[in-house]
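What follows is one structure encoded as structure tokens, with my remarks underneath.
The values are calculated or read from the model by the stated rules, or taken from the named source; none is laboratory data. Computed from a predicted model, the values in this text were never measured in an experiment. Glycine gets a Cβ as well: all are built from the backbone with ideal geometry, and neighbour counts include every protein chain shown. Protein only, heavy atoms only, side chains kept; ligands, DNA and RNA dropped before computing areas. Shrake-Rupley method; radii C 1.70, N 1.55, O 1.52, S 1.80 Å.
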Amino acid sequence: QVQLVESGGGLVQPGGSLRLSCAASGSSISMYAMGWYRQAPGKQRELVASITSGGSTDYADSVKGRFTISRDNAQITVYLQMNSLKPEDTAVYYCNAANVAYIYWGQGTQVTVSS
């Protein structure tokens with residue numbers, strides 16, 4: 001069983017920054033691919049960024065150059081550094097852990113970008 005707990009969301013002005021954290025616990029979690037997804041009101045959940053157990057990363061086109069995903073396998077934590085935030089980044093952000101057999105989700109953290 002894997003548990004994921006997100007933190008770091010909040011209200012920020014356009015152009016600002018936030019850092020999301022996802023604390024993971026569970027068996028062999030360091031071997032899981034991890035990711036951040038987001039879901040805005042009335043929209044489908046979408047992948048924002050992902051990172052493999054080996055550190056390879058992938059990003060949605062809309063966040064490339066602004067967001068950075070990283071992981072600390074010793075602390076079993078995944079981070080999402082979000083810079084140059086835009087109002088369209090407003091959403092609930094979810095942490096995800098996956099391997100070939102299982103997918104786990106956190107409960108989400110709200111990010112609101114507004115002046």
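Computed from backbone phi with θ = phi - 60° and the Karplus coefficients 6.51, -1.76 and 1.60, the 3J(HN,Hα) list for region 37-43 is 10, 9, 9, 8, x, x, 10 Hz; x is used for glycine and proline. Approximating the spin labels as points 7 Å out from Cα along Cα→Cβ, the D58-to-N73 distance works out to 1.9 nm. Using θ = phi - 60° in the Karplus curve 6.51 cos²θ - 1.76 cosθ + 1.60, the 3J(HN,Hα) couplings for region 98-114 round to 8, 9, 5, 10, 9, 10, 10, 10, x, 8, x, 9, 7, 10, 10, 10, 7 Hz; x is entered for Gly and Pro. For the chain, modelled as a Gaussian network with Cα springs under 10 Å, which listed residue fluctuates most, G26, G16, G42? Of G26, G16, G42, the most mobile in the Gaussian network model is G42. Stretching the chain fully between A98 and S17 yields a gain of 26.5 nm (0.36 nm per residue, less the alpha carbon separation). Ligands, DNA and RNA left out, the 1.4 Å accessible surface of the chain is 47% carbon and sulfur atoms.
Computed with a 1.4 Å probe over protein heavy atoms only, the accessible surface of region 1-78 comes to 55 Å² per residue. Relative contact order of region 1-54, taken over Cα pairs closer than 8 Å and 6 or more residues apart, is 29 percent. Here the extension length gained between Q1 and Q44 equals 12.9 nm, from 0.36 nm per residue of separation less the Cα-Cα distance. Measuring nothing but how far apart in sequence close Cα pairs (under 8 Å, 6+ apart) lie, relative to its length, the chain scores a relative contact order of 36 percent. Largest accessible area first, the listed residues E46, E6, E88 line up as E88, E46, E6 when surface is computed with a 1.4 Å probe on the assembled protein chains.
At an R0 of 35 angstrom, the distance between the Cβ atoms of M31 and K86 translates into a FRET efficiency of 0.55.
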